[in-house]
Each structure stands twice: as structure tokens, then as C-alpha cells.
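Notes for the one structure printed next.
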Amino acid sequence: MNDRYLNWLNGRRARAVKRYSAERPLLDLRSFLDGKVQASGAMFGPRGRAGFRFQVGMSGVWNGSVGTLSERFTYADGAETSRVWRITFADDFHFRVTAEDVVGEAAGCQAGNAAVMRYRLRVPRGRRELVLSMEDWFFLMPDNVLLNRTRMSKFGLKVGELISAFRRCGNPAGDQE
């Protein structure tokens with residue numbers, strides 16, 4: 001993709017998330033993803049049928065505006081995978097993210113109780129791999145649960161959706177109000 005298109009796309013994403021700037025509780029991914037986090041969720045196919053279910057154990061470490069989030073996925077069939085995200089905040093609104101299976105760099109932003117991130121992800125499929133376009137939306141709920149809805153598409157067509165819920169583990173002293 002060219003830089004002009006990415007700038008246009010990032011502008012649209014920023015306007016979309018700013019709609020939530022007055023919503024509470026305030027989401028700061030740096031605070032929420034600092035320390036241990038547990039999540040569970042399910043993937044749904046393009047027709048809405050439930051596919052696989054999973055649980056994720058995460059550990060986030062931050063040094064100012066730069067963080068590392070290590071994830072360990074356990075699927076209902078017993079399979080396990082892992083991913084390490086490297087997150088860099090340019091300011092309190094914009095962030096960039098990389099991971100080994102992400103093509104290039106993800107770009108995101110947060111405002112109010114919401115955050116959004118778009119990226120392209122390499123997904124193994126038999127002996128091949130697919131590259132899917134991903135759009136992650138996060139919403140912090142009043143009970144300190146972070147809801148995630150991810151739309152997956154290929155050539156602009158929806159191929160699936162992932163729904164998950166994140167909860168901080170241990171002492172919630174660093175949580176936002």
C-alpha cells in the first residue's frame with residue numbers, strides 16, 4: 001500500500017475512534033496491558049457459525065511509551081501458539097505495533113473507552129499461509145473487562161470474526177477509573 005492511502009486510512013480510523021472520546025471508563029492500553037492479563041474468546045466464520053474457542057495468557061511489560069506483550073494461546077483442541085507484540089505509542093492517542101506474523105506494521109489509536117488497530121496478519125493454512133486484513137476494536141467496560149471484536153477479511157470480503165474478553169489479573173491498582 002502506498003503512503004497516501006495509509007494516511008487516508010489512518011485518518012478515517014482516527015475519526016472513528018474519536019467518536020468514543022467522551023465515553024468512560026478511560027482506556028489506556030499501556031495501563032490495561034501492564035502485567036498479567038487473561039482472555040478467552042471464539043472465532044466465527046463468515047456466516048456467523050462458531051469455529052474454534054481459545055484462552056490466552058498475556059504478560060505486558062512497559063518502559064514509558066514502549067511495551068512488549070507476550071501471548072500464549074491454548075485452543076479447545078489442546079493446540080498452543082504464541083505471539084509477541086511490540087507496541088510503541090507516539091502520543092496518548094496514536095500507536096504502532098509489530099509482531100512476527102504481522103505484515104509490516106499495525107497502526108492504531110485510542111480515545112475514551114475505545115481503541116482500534118488495523119494490520120495484515122499471516123495465518124498458516126495447511127502448507128500455505130493466507131494474509132488477512134484485520135481490524136481490532138477494543139472497548140473498556142465499567143467492570144474493567146476489555147471487549148475485543150476483530151473483523152478478518154481477504155480482498156475486502158469478510159472471512160471471519162473473533163470475539164474475546166480480557167481481564168487483568170492480580171492487583172487492579174493500576175486500573176483506570
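We did not get these values from a lab; they are worked out from the coordinates using the rules stated. Fair warning: this is a prediction, and the values are worked out from it, not measured in the lab. Positions of Cβ are backbone-derived with ideal geometry, glycine not excepted, and every protein chain shown enters the neighbour counts.
Numerical summary
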read-out	value
Positive-end residue, the chain charge dipole about Cα centroid, Cβ charges, pick of Cys109, Leu27, Pro124	Pro124
Charge context of Ser133, other residues only, Cβ under 9 angstrom, K/R +1, D/E -1	+3
Taking the convex hull of Cα positions in the chain, its mean projected area over all directions (nm²)	10.7
Residues Phe155, Phe32 arranged by fewest to most Cβ contacts within 10 Å	Phe155, Phe32
Loop-resident sites, the range 68-161, for GluC sites (Glu not before Pro), counting at most 11 other Cβ within 10 Å (DSSP)	Glu100
Aspartates and glutamates whose Cα lies under 14 Å from that of Lys154, excluding same-chain neighbours fewer than 8 positions away	Glu129, Glu135
